[in-house]
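Below: the structure, in structure tokens.
Where a number appears in this text, it was derived from the coordinates with a stated rule and is not lab data. Values in this document were obtained by computation on a predicted structure and should not be read as measured data. In this analysis, Cβ positions are derived from the backbone assuming ideal geometry, glycine residues included, and neighbour counts consider all displayed protein chains.
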Amino acid sequence: MPIFRLIVVIGALILSGMLIKNIAGIVSVRDRVAGAQREVERLQNDQNALRRKVEQATSAAYIEEVVRNKLGLGRAGETVVVLPNEDFLKNLAPALENGEKELKKFNWQKWVDKFF
């Protein structure tokens, strides 16, 4: 009888080890599936954002904005006025005492500088 008990105990230990190994494998697979689901959600959000950008870029309002702002074109009968950038305006401004050129600040800019 003691040999039978020993065989049963050894068999139970082997089966327990196999069960623990299978449970660890299941937990590992579950973690990988959860990670893959998070990645799928992230990619779906990215795809939805890109679809919204494509819809916006193909809309008539966006195309008109690009044509007006970047190409400097306008509708028939409109006069397009292009303002120079700030660097060009600084070159036109009179020099200060220290030799630097500065644009005249608007009143609201002076108030912002004073309080912030």
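Can you give the longest run of the chain that contains no GluC sites (Glu not before Pro) sitting in a DSSP loop with at most 11 other Cβ atoms inside 10 Å?
With a cap of 11 other Cβ atoms within 10 Å, the longest stretch comes to 1-77.
Can you list the equivalent-ellipsoid semi-axes of the chain, largest first and in whole Å, using the square root of 5 times each Cα gyration tensor eigenvalue?
Value: 75, 27, 11 Å, ordered largest first.
Quickly estimate the mean residue ellipticity at 222 nm for the chain, helices only: each DSSP H run with n ≥ 4 gives -39500 (n - 2.57), and the total goes over all residues, rounded to 500.
-24500 deg cm²/dmol
Using the count of nearby Cβ atoms within 10 Å as a rough guide to exposure, how do T79, T58 rank from fewest to most?
T79, T58
By count of other Cβ within 10 Å, fewest leading, how are F115, F106 ordered?
F115, F106
Fewest first, what order do V33, V82, V67 take by the number of other Cβ atoms within 10 Å?
Result, fewest neighbours first: V82, V33, V67.
Using DSSP H assignments, which helices in the chain have an axial alpha-carbon span of 27 Å or above and a mean Kyte-Doolittle hydropathy of 0.0 or higher?
Membrane-span-like by this criterion, though nothing is claimed about a membrane: 2-57.
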